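Student: Next up is a structure, given as structure tokens.
A short reminder: the numbers here are calculations on the coordinates, not readings from a lab. These figures come from a predicted structure and were not determined experimentally. Don't worry about glycine lacking a Cβ; one is built from the backbone with ideal geometry, like all the others, and counts go over all protein chains shown.
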């Protein structure tokens with residue numbers, strides 16, 4: 001049954017003769033509303049992206065394996081296989097960035113999506129400009145080729161290998177290991193780890209984390225839940241006892257801080 005209101009806020013769209021930039025990344029857009037797909041394809045192509053579309057969850061998985069997109073824009077309410085199930089399957093094999101779209105704006109729904117490993121969550125109706133901005137922010141952070149399960153070996157100048165307690169953090173390969181065993185982190189999770197341990201002991205406000213990692217300031221209290229969910233996910237992977245964290249500490253009413261380790265916090269490995 002068609003939905004009564006448009007899920008995409010109206011905004012000017014250039015005509016078909018407008019120049020298009022060379023495709024800079026491939027996006028997979030998954031939505032069962034033809035109007036939403038049509039607007040997003042137009043806008044994202046004009047922004048320079050190559051766009052492929054799916055209208056249900058099963059088609060999304062097929063196209064993902066065939067096209068190997070750099071980012072997935074994924075509606076939650078889909079026929080055949082819902083967006084949460086698609087996300088769960090993608091996360092089992094890939095760290096590709098995922099942005100959820102949903103008419104369900106309840107905090108519980110947003111948390112559920114982020115808990116599955118999505119990188120962001122945009123409630124409907126939304127502005128195409130805001131979606132474009134969030135896509136650009138994520139792609140700048142992770143680079144291209146994110147559909148592969150292995151991290152790329154790109155490194156920022158001056159980065160190296162660090163020890164955080166029993167963890168070895170390789171910022172060149174964006175990998176974390178404990179006793180030689182690799183701990184799988186998404187790009188967003190690793191970026192959060194880097195931000196928190198850049199200055200051990202410094203309290204990083206939740207709003208600052210949101211702006212640095214997701215590229216937008218908090219407009220509602222629900223926006224900051226994105227940060228809380230990702231900190232919880234990171235603790236679940238890194239902390240021996242996530243309920244009593246030792247590496248990432250909560251500073252109530254403010255944000256989070258990395259624990260100063262007894263050997264001088266982050267020390268160069270080797």
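Student: Kindly establish whether residue 216 is touching a residue at least 60 places away in the same chain (Cβ under 8 Å), within 25 Å of residue 98 (Cβ to Cβ) and crowded, with 16+ Cβ neighbours inside 10 Å.
Tutor: no
Student: Another question, then. Free of Cβ contacts under 8 Å to residues at least 40 places away in the same chain and either buried (at least 23 other Cβ atoms within 10 Å of the Cβ) or assigned to a strand (DSSP E or B) (or both): does that describe residue 51?
Tutor: The answer is yes for residue 51.
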